[in-house]
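Here's the structure, in structure tokens; my notes come after.
Read the figures in this text as sums done on the coordinates, not as results from a lab. Bear in mind that the values here come from a model prediction, so they are computed numbers and not experimental data. Here the Cβ positions follow ideal geometry from the backbone for every residue, glycine too, while neighbour counts run over all protein chains shown.
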Amino acid sequence: MVLNGMDMLLGNELGNTSVCSIHQPELKPGQLLLQAVYILQLDPPLDFQQALSQQSLQPLPVLITLNEQAEEIDYNFHEQQMKTLDRGICKQVIQLKQTEIKNLLEHASSILKQHAEAYLGLHYQGQRLTLENEIDRLQQLQQINPQVRDEEIEFFSEQLQVLSSSLHYPVSRLDSIRLMITT
């Protein structure tokens with residue numbers, strides 16, 4: 001992912017990288033900040049991909065912002081605070097800070113790997129709750145109405161099991177990078 005990130009910054013592809021300056025009074029001028037957007041999603045085993053609807057498995061974008069010391073920053077940066085930089089200056093900054101950028105991308109990737117399961121657990125919590133409620137509803141209805149088949153309950157139980165077990169197999173990809181220089 002780190003090499004892909006550097007290729008994103010140095011390549012000609014538009015729309016997934018940017019370099020800008022930002023005025024944030026709380027931050028010391030001249031610092032380099034890195035924002036990386038990762039896309040997290042589940043990768044259920046092939047046997048169970050049919051059981052889970054791909055519509056219900058929407059990917060989760062995760063934004064990680066780090067300073068040069070690889071510390072996570074939790075500021076809300078507004079577009080109005082950002083100013084574009086000349087392309088020549090951008091290339092100079094990237095070449096000068098290439099080692100730091102690689103280290104920050106590696107650190108951002110490790111942060112994501114550490115927390116991916118928890119992020120996805122929260123993201124899919126509503127779907128798990130919906131499946132659990134549907135299973136409970138069908139089980140209660142089956143006690144009153146024998147027309148409710150065991151297969152209907154098993155269908156939702158299988159979906160819940162696949163969703164729960166798939167949380168242990170997150171897949172991530174680096175989607176975009178923004179370098180910010182504080183002024």
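Centre-to-centre separation between the Cα atoms of the stretch 73-98 and those of the stretch 101-144: 34 Å.
In this rough spin-label picture, where each label sits 7 Å from Cα along the Cβ direction, the Gln143-Glu106 distance is 5.8 nm. Listed by chain and number, the lysines whose alpha-carbon sits under 23 Å from that of Lys83, ignoring those within fewer than 8 places in the same chain, are Lys28, Lys91, Lys97. What's the longest bit of the chain with no exposed GluC sites (Glu not before Pro), using DSSP loop states and at most 12 other Cβ atoms within 10 Å as the test? Maximal segment without exposed cleavage sites: 72-183. Structural size metrics of the chain, computed from C-alpha coordinates, are Rg and Dmax of 22.1, 74 Å. Comparing Gln161, Ile39, Thr183 along the charge dipole axis of the chain, the residue lying farthest to the positive side is Thr183, per the Cβ-charge model.
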